[in-house]
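This report refers to the structure that appears directly beneath it.
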Amino acid sequence: MNLLSEVRALLAGGKAKEAATTLVQAAQRGHSEAMYELALWAVAGNVIPRNLALAYDWLGRASEAGFTDAALLRAYFTAAGTGCLPDWQSALELLTRLGETSEIAGRQVEKLGQMKMTTDGVPLASYNLELCSSQPRVATCRQFLTAAECDYIADIGTPFLEPSYVVDPNTQQLIPHPVRRSHGAMFGVYTEDLVINAINRRIASLSGTSYEQGEPLQLLQYERGDEYRPHLDALPNEPNQRVMTVIIYLTDGYDGGETKFLRTGLSFKGQKGDALLFANLLPDGRPDPLSLHCGLPVFKGTKMIATRWLRRSRFTYPAPPSILGTLPGLAA
Ligand SMILES: O=C(O)CCC(=O)C(=O)O
Ligand SMILES: [Fe+2]
């Protein structure tokens, strides 16, 4: 059995401490895959406590040991400021060096080279916003992304698409999502990259928010008959509310599938690359009932969108409770 299989078997057998100890010892011996795995554990936080700085450190060691996946993730962490201070320039340098041998990195470097931004990753763009409605505030920005950028999001996210299901709180079984019939994927910590990060920065600049306020970019795919039934994007009893939503249309040429605000009648169907922005809250911070909207059923073709929900302040997923209280062998 190889080392990671052994670690996983220990974990599955309820021996979390032994699993973590084995992993840490292998990482300390210079086993690059173990270093990478340890970094992933430190991000996930379900076995050992979440520790992003530690994850960043182990990603660094794994990349020095020549592990490309670790180097790619480290470049992204460097750009996003995950476990370190954000440093776009260094991230791009890391990625460019990786691009000499890694096709994935090379493609990212090429895409980034086509974007207008400062050396610090600040987008250099002016946006032509057209107001569609003032209550709720809805605006569009035509050709917010290029066709190539839309294709990139769809390409990178497609392998992660899953049917939209939720866990039934009563039975703990997976059941179809009550509001959405579609396939979805999230660009989280492991799947966001510098290109998606740069797009998220552009979304922040378009919406006048900071990059940190965004939830992970979501990819949604609707085939014939799929839809997003009427809903509010604002969450019940949430102090860090979703103040705004940005939807980018990644495909066009499908029938049906308009985004519709049911209480005002406003309906929008973006062309590939267009963005729709809307406010979800009333001036007093409560969810705005007029922001009730849906994605109407698709009749023909495939609709793909990218959605980013923007919070009032910095958004981070809370760390899950971890099985172990400390990281064996490395605890201070
Ligand atoms: O599919 C659409 O047009 C709407 C999507 C939506 O409401 C959302 O992502 O929050
Ligand atoms: Fe929505």
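Which value in deg cm²/dmol, rounded to the nearest 500, describes the helix-derived mean residue ellipticity at 222 nm for the chain, given -39,500 (n - 2.57) per DSSP H run of n ≥ 4 and division by the residue count?
Helices in the chain give a 222 nm mean residue ellipticity of -10500 deg cm²/dmol.
Just rank Lys17, Lys300, fewest to most, by other beta-carbon atoms within 10 angstrom.
Ascending Cβ contact count within 10 Å gives the list Lys300, Lys17.
Could you pull out every residue, at least 5 positions away or on a different chain, whose amide H is within less than 5 Å of the one on Gly256? Hs are placed 1.01 Å off N in the peptide plane, and Pro or chain starts have none.
Phe299
Which of rounded, prolate, oblate describes region 129-311, given a ≥ b ≥ c as roots of the alpha-carbon gyration tensor eigenvalues and a/c under 1.5 marking rounded, otherwise prolate only if a/b is larger than b/c?
Rounded, since a/c falls under 1.5.
With a cut-off of 8 Å between alpha carbons and a minimum separation of six or more residues, what is the relative contact order of region 207-321 in percent?
46 percent
Calculate the FRET efficiency for Gln271 and Leu124 from the Cβ-Cβ distance with a Förster distance of 22 Å, rounded to the nearest 0.05.
0.40
If packing is taken as the mean number of other Cβ atoms within 10 Å per residue, what is the order of 80-87, 121-128, 91-98, highest first?
The densest-packed peptide leads the list: 91-98, 80-87, 121-128.
Would you count, across the chain, every pair of lysines whose alpha carbons are under 20 angstrom apart, provided the pair is eight or more residues apart or spans two chains?
Going through the chain pair by pair, I get 10.
Mind listing the long-range amide H neighbours of Phe144? Cut-off is under 5 Å, sequence gap 5 or more, other chains count too, H placed in the peptide plane at 1.01 Å from N.
Amide H neighbours of Phe144: Asp274, Ala275.
Just round it to a whole percent: the fraction of Cα-Cα distances in the chain exceeding 30 Å.
It works out to 41 percent of all Cα pairs.
Sticking with the crude label model, points 7 Å out along Cα→Cβ, report the distance from Leu235 to Arg29 in nm, one decimal please.
Computed distance between label sites Leu235 and Arg29 equals 4.2 nm.
Treat every Asp and Glu Cβ in region 154-238 as -1 and every Lys and Arg Cβ as +1, leave all other atoms uncharged, and give the resulting dipole magnitude about the Cα centre to the nearest 20 debye.
It comes to approximately 180 debye.
Treating only the Cβ of Lys, Arg, Asp and Glu as charged (+1, +1, -1, -1), what charge dipole size does region 71-145 show about its Cα centre? Round to the nearest 20 debye.
Approximately 240 debye in magnitude.
Would you work out if region 9-163 is rounded, prolate or oblate? Take a ≥ b ≥ c from the square roots of the eigenvalues of the alpha-carbon gyration tensor; rounded if a/c is under 1.5, else prolate when a/b is larger than b/c, oblate otherwise.
Prolate, because a/c is 1.5 or more and a/b exceeds b/c.
About its Cα centre, what dipole magnitude does the chain give when the only charges are +1 on Lys and Arg Cβ and -1 on Asp and Glu Cβ, stated in debye to the nearest 20?
Using only the charged Cβ atoms, the result is roughly 700 debye.
Cα gyration tensor of region 259-332, axes a ≥ b ≥ c as square roots of the eigenvalues: rounded (a/c below 1.5), prolate (a/b > b/c) or oblate?
Prolate, because a/c is 1.5 or more and a/b exceeds b/c.
Read the figures in this text as sums done on the coordinates, not as results from a lab. Not measured: the values here are computed from a predicted model. Because the Cβ atoms are built from the backbone with ideal geometry, glycine has one as well, and the counts that use them run over all protein chains shown.
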